[in-house]
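The values are calculated or read from the model by the stated rules, or taken from the named source; none is laboratory data. None of the values given here were measured: they were computed from a predicted structure. For neighbour counting, all protein chains shown are included, and Cβ atoms are generated from backbone atoms with ideal geometry for every residue, glycine included. For accessibility, only protein heavy atoms count, side chains too; no ligands or nucleic acids. Shrake-Rupley method; radii C 1.70, N 1.55, O 1.52, S 1.80 Å.
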Amino acid sequence: MSPNAETTITSSAAPVLSVSALNQSVAKLLERNYPLTWISGEISNFTRAASGHWYFTLKDDAAQVRAVMFRGRAQLAGFTVRDGDKVEVRATVTLYAARGEYQLSVEAIRRAGVGNLYEAFMRLKEKLAAEGLFAPEAKRPLPAFARTIGIVTSPAAAALRDVLTTLSRRAPHVAVVLYPTPVQGDGAAAKIAQAIATASARAECDVLLVCRGGGSIEDLWSFNDELVARAIAACTIPVIAGVGHETDVTIADFVADLRAPTPTGAAEMASRAHADWLALLQGLADGLARAMERKLLDAEQSFDWTSRRLVSPAAYMVRERLKLQALAGRLTHAGRAPHAAARHTLAQTRTRLNARLPDAKPKRALLETEVRCAVSHMAARLDSQRQALASLSAQLELLNPQRTLERGYAIITDKKGRVVRSPKNLNPREIVSVRLAEGSAQVGIASVQPMLE
């Protein structure tokens, strides 16, 4: 065979696949032909990797298949998987290309036989949500300070011991009222609802805890009952649901005003720690002390400012006396000016007269008479001005507040320094200042009586 013939045969043959390409092609084929489906079996060889992924084998009496559930999905499982558990998984069929192993990629997992319960759970959840029982605006706020906490649970439940231990540690001052009821089994839902209704009717608690410990979905099923959900919604007391572990979710959690991850968490949410209250009260006390100190400092500053603006009667008298002296000086000057003008006029007249007098005696006699009249008039005017000045001085003396105080009167001012002139400006139990002739006093008003007309 020639080299050209060999080349022709090779080029016409099927393409050569790598192992990786083959496995990837098979994986796509499996994923395309086997969509998500529910598969039942028993768990074996379960391993939780450090990454959080779950690896296990799902088997029955005749066959087995490897399975993987990645961390994001495993966190939503709601229960801890153990070898020997009967489960149902929702998975796609795929191929692990690195080893060429056929396996299941699990999206969801549930205990075997809970499919019908889950469907009932979803139907009730949708029904109650449509009625608005889950609406945020329907949630009631928890009291800031709960004096009494009610607990709806079984007296034999470990959850009750956890709640009481937590309350005793955090808030020993809080009273606890137990409304005993079975939390699982036949008829438990109706009894739980009746206990919630009893707590609501008695209204003796500030907040109500509906709780029980963890368990299977069957154990917790009483808290997925419609009777319990409607009892919580109708309760007049804010309700905290603490049912099961953190991953357990019930209808009661959606209806309650607040959901706690565990019964212990419910107790912590319902009660504020005693130390926290003491710290809060100490902070409020410190704030009040600072506010009072600031208020007193402001009052002292206001008093100092007012006292600087207030003029004492003695200073007022000094100022008015200075004004009086200035007026007296002006009055004296006003009296001397006309007299000096008259003298000047007299001198001029005498000069003219002497120049024209052949005989000055008659004119001199007349002039002397006019001079006497002018002098007399000026004297009379000066005397009148002195009398007016004396009258003004006497009136001013009468208006002197100090003289009034010396006669037994007093000046009453309010806390703002304003003079009180009417009983309408006074209030009972008000503190006023009374200024007397020889000092002042602070007086409390016992009562106020208006003047009878």
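The set of residues from the range 374-384 being touching a residue at least 24 places away in the same chain (Cβ under 8 Å) and open to solvent by 70 Å² or more (accessible area, probe 1.4 Å) comprises just one member, ARG381.
Sort out for me the strands (runs of 3 or more DSSP E) sitting completely within the range 121-236 that have 1 or more residues that are among the hydrophobic types (A, V, I, L, M, F, W, C) and open to solvent by 50 Å² or more (accessible area, probe 1.4 Å). Can you show your working first?
Details: elements: 148-153, 175-180, 207-212.
Per the criteria, 175-180.
Of all positions in the range 259-277, at least one carries a residue that is free of Cβ contacts under 8 Å to residues at least 12 places away in the same chain, in a helix (DSSP H, G or I) and under 21 Å from ARG147 (Cβ atoms).
If you check LEU324 against the conditions, is it under 30 Å from ALA437 (Cβ atoms), open to solvent by less than 50 Å² (accessible area, probe 1.4 Å) and either modelled with pLDDT of 80 or more or more than 60 Å from the chain's Cα centre (by Cα) (or both)? The answer is yes for LEU324.
Residues in the range 346-364: is at least one closer than 30 Å to ARG330 by Cα, exposed (fewer than 11 other Cβ atoms within 10 Å of the Cβ) and more than 60 Å from the chain's Cα centre (by Cα)? Break it down into steps so the answer makes sense when it comes.
Kept after step one, since they are closer than 30 Å to ARG330 by Cα, are these residues of the range 346-364: 346-349.
Next, only the ones that are exposed (fewer than 11 other Cβ atoms within 10 Å of the Cβ) stay: 347-348.
Next cut, more than 60 Å from the chain's Cα centre (by Cα) only: 347-348.
Yes: the range 346-364 contains one or more residues that are closer than 30 Å to ARG330 by Cα, exposed (fewer than 11 other Cβ atoms within 10 Å of the Cβ) and more than 60 Å from the chain's Cα centre (by Cα).
Of all residues in the range 97-114, none are modelled with pLDDT of 90 or more, closer than 23 Å to GLU218 by Cα, surrounded by 12 or more Cβ atoms within 10 Å (Cβ to Cβ) and among the basic types (Lys, Arg). Could you check THR92 against (1) open to solvent by 80 Å² or more (accessible area, probe 1.4 Å); (2) in contact with a strand residue (DSSP E or B) (Cβ under 9 Å, 6 or more places away or on another chain); (3) among the polar types (S, T, N, Q); (4) under 14 Å from ILE109 (Cα atoms) and say which number it fails? Failed condition: (1).
Kindly indicate whether LYS86 is of a type outside the set (Val, Ile, Thr), free of Cβ contacts under 8 Å to residues at least 60 places away in the same chain and closer than 23 Å to TYR118 by Cα. Spell out the reasoning first.
On the way: of a type outside the set (Val, Ile, Thr): yes; free of Cβ contacts under 8 Å to residues at least 60 places away in the same chain: yes; closer than 23 Å to TYR118 by Cα: yes.
Yes, satisfied.
Considering (1) in contact (Cβ under 8 Å) with a residue 24 or more places away in the chain; (2) among the hydrophobic types (A, V, I, L, M, F, W, C); (3) surrounded by 13 or more Cβ atoms within 10 Å (Cβ to Cβ), the lone condition that MET451 does not fulfil carries the number (3).
Between ALA275, ALA270, ALA252, ALA279, the distinction of being modelled with pLDDT under 90, closer than 23 Å to LEU167 by Cβ and crowded, with 21+ Cβ neighbours inside 10 Å belongs to ALA270 only.
Residues VAL371, VAL419, VAL434: which one is free of Cβ contacts under 8 Å to residues at least 60 places away in the same chain, in contact with a helix residue (DSSP H, G or I) (Cβ under 8 Å, 6 or more places away or on another chain) and farther than 22 Å from LEU331 by Cα? Give the derivation first.
Numbers: VAL419 fails: in contact with a helix residue (DSSP H, G or I) (Cβ under 8 Å, 6 or more places away or on another chain); VAL434 fails: in contact with a helix residue (DSSP H, G or I) (Cβ under 8 Å, 6 or more places away or on another chain).
Going through VAL371, VAL419, VAL434 in turn, just one is free of Cβ contacts under 8 Å to residues at least 60 places away in the same chain, in contact with a helix residue (DSSP H, G or I) (Cβ under 8 Å, 6 or more places away or on another chain) and farther than 22 Å from LEU331 by Cα: VAL371.
In the range 166-183, which residues are within 15 Å of ALA266 (Cβ to Cβ) and touching a residue at least 60 places away in the same chain (Cβ under 8 Å)? THR166, LEU167, ARG170, ALA171, VAL174, listed by residue number.
Can you find even one residue in the range 74-81 that is open to solvent by less than 20 Å² (accessible area, probe 1.4 Å) and under 15 Å from SER44 (Cβ atoms)?
Residues of the range 74-81 that are open to solvent by less than 20 Å² (accessible area, probe 1.4 Å), as a first pass: 74, 77, 81.
So of that shortlist, the ones also under 15 Å from SER44 (Cβ atoms) come out as 81.
Within the range 74-81, one or more residues are open to solvent by less than 20 Å² (accessible area, probe 1.4 Å) and under 15 Å from SER44 (Cβ atoms).
Restricting the search to the range 195-225, which residues are on the phi < 0 side of the Ramachandran plot, without any contact (Cβ under 8 Å) to a residue 60 or more places away in the chain, in contact with a Ser or Thr (Cβ under 7 Å, 6 or more places away or on another chain) and not charged (D, E, K, R)? Answer for the range 195-225, where residues must be on the phi < 0 side of the Ramachandran plot, without any contact (Cβ under 8 Å) to a residue 60 or more places away in the chain, in contact with a Ser or Thr (Cβ under 7 Å, 6 or more places away or on another chain) and not charged (D, E, K, R): ALA195, SER200, CYS205, LEU220, PHE223. Within the range 49-73, being surrounded by fewer than 17 Cβ atoms within 10 Å (Cβ to Cβ) and in contact with a strand residue (DSSP E or B) (Cβ under 6 Å, 6 or more places away or on another chain) holds for TYR55, LYS59, ASP60, GLN64, VAL65, ARG66.
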